[in-house]
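The values are calculated or read from the model by the stated rules, or taken from the named source; none is laboratory data. This is a predicted model, so every value here is computed, not measured. When we count neighbours, we look across all protein chains shown, and the Cβ atoms used for this are built from the backbone with ideal geometry, even at glycine. Accessible surface areas use protein heavy atoms only, side chains included; no ligands, DNA or RNA. Shrake-Rupley method; radii C 1.70, N 1.55, O 1.52, S 1.80 Å.
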Amino acid sequence: MSMPIYRPPNRHDRPRSVLVTGGVRSGKSRYAESLLAEAETVRYIAAGYVPDATDPDWADRVRKHQASRPPHWETVESADLGAALSAAPGAVIVDCLGVWLTRLIDDFGTWNIPYAQWQDSFESRLSSVIDAWESIESVKIAVTNEVGFGVVPEHPSGRLFRDLLGITNQRFAASCDDVVLVIAGRSITL
């Protein structure tokens with residue numbers, strides 16, 4: 001028995017929602033930003049960002065990201081992704097779901113607590129974010145990390161992050177018109 005072949009919907013217009021995934025420094029953020037280069041109103045949500053005065057490398061990365069955006073884009077730096085999405089006035093970019101997830105687990109204080117004890121809280125938060133995402137009628141782009149290509153992490157916290165980001169990515173992908181994988185600056189529509 002052969003596997004069915006996936007055929008994308010027959011569309012003549014551009015997709016209205018896209019999940020962009022890829023590895024570190026793959027070019028995924030640059031690709032996502034290029035999708036909205038012509039948009040007049042864009043809310044750029046730096047999801048989960050927390051300024052860290054003790055990490056100058058991280059601060060420099062954030063500054064470079066900020067400087068690369070068009071000046072007319074509105075930037076919202078917030079861990080409350082649902083609220084930031086709900087108030088979006090036009091097109092939206094969320095960058096990055098991996099950073100948001102890290103901040104969420106930090107805020108829950110559950111890195112070393114068995115997932116079964118806080119699974120309901122995580123699933124509730126993720127569902128409310130997906131609901132806010134799906135309520136946006138304008139173009140929306142989410143950027144995430146692809147963590148499933150590597151080895152199984154040695155530490156429980158690494159396995160937890162990998163597993164929950166995989167779940168998060170699947171939920172976002174299911175609510176998007178397209179999923180794009182970026183590797184070495186090249187994009188592949190899945």
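Details
- Rounded percent of accessible protein surface that carbon and sulfur make up, the chain, 1.4 Å probe: 53
- Simple Cβ-charge dipole of the chain, Lys/Arg +1 and Asp/Glu -1, about Cα centre, in debye nearest 20: 620
- Solvent-accessible area per residue for the chain (1.4 angstrom probe, square angstrom): 58
- Residues with amide H under 5 Å from that of Ser17, placed H, sequence gap 5 or more: Lys140, Asp177, Asp178
- Think of the chain as having a plus end and a minus end, set by charges on the Cβ of Lys, Arg, Asp and Glu; of Gly90, Ala116, Val143, Val143 sits farthest toward the positive end of this dipole.
- For chymotrypsin sites (Phe, Trp or Tyr not before Pro), the sites in region 110-190 that DSSP calls loop and that have at most 12 other Cβ atoms within 10 Å are Phe149.
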